[in-house]
Amino acid sequence: MSQGNASAEDRPSVGRTLRKARLDAGLTVEEISATTRVRAPIIQAIEQDDFSRCGGDVYARGHLRALARAVGLPPDDLVARFNTERGT
């Protein structure tokens, strides 16, 4: 495999990407929860790539959009990566 473009497998997962962006922004899970209205346990699960608490992929995408905006990531890019990782 070449060292050129990073493949999807080489990139951090959606959850790890969100967690890193949150930490880089100096925000706590509780602060993100307050601004997005996504409950803290769901944010923690998403950051561990556990989307089972979201109530389905449609809700997961909505949460991802809100969380991405809150930490300064492009929402559409994160949702596209989620779709790729989930095979949807």
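Give the angle, between 0 and 90 degrees and rounded to the nearest 10, that separates the Cα long axis of helix 14-24 from the longest principal axis of the Cα atoms of the chain.
Around 60 degrees separate the two axes.
Which value, in Å², gives the accessible area per residue of the chain when a 1.4 Å probe is used on the protein heavy atoms?
On a per-residue basis, 63 Å².
From the phi of every residue in the stretch 27-41, what ³J(HN,Hα) in whole Hz does the Karplus formula 6.51 cos²θ - 1.76 cosθ + 1.60 yield, where θ is phi - 60° and glycine or proline is x?
Rounded to whole hertz, the list is 10, 8, 4, 5, 5, 5, 4, 5, 7, 9, 6, 8, 4, 3, x.
Please report the net charge: other residues with Cβ closer than 13 Å to the Cβ of residue 51, K and R +1, D and E -1.
-1
Between residue 30 and residue 76, what length comes free when the chain is fully extended (0.36 nm per residue of separation minus the Cα-Cα distance, one decimal in nm)?
14.2 nm
Give the carbon-plus-sulfur fraction of the accessible surface of the stretch 13-86 in %, rounded to a whole number; probe 1.4 Å, heavy atoms of protein chains only.
In the stretch 13-86, the share of accessible area belonging to carbon and sulfur is 49 percent.
Given points 7 Å out from each Cα along the Cα-Cβ axis, report the residue 23 to residue 39 separation in nanometres with one decimal.
Here the answer is 2.6 nm between the modelled labels.
In Å, the Kirkwood hydrodynamic radius of the chain over pairs of distinct alpha carbons?
13.2 Å
The values are calculated or read from the model by the stated rules, or taken from the named source; none is laboratory data. Quick caveat, the model's predicted, so the values are computed rather than measured. Cβ sites come from the backbone with ideal geometry, for glycine too, and all protein chains shown count toward neighbours. Please note that ligands, DNA and RNA were not included when accessible areas were found on the heavy atoms of the full protein model with its side chains. Shrake-Rupley method; radii C 1.70, N 1.55, O 1.52, S 1.80 Å.
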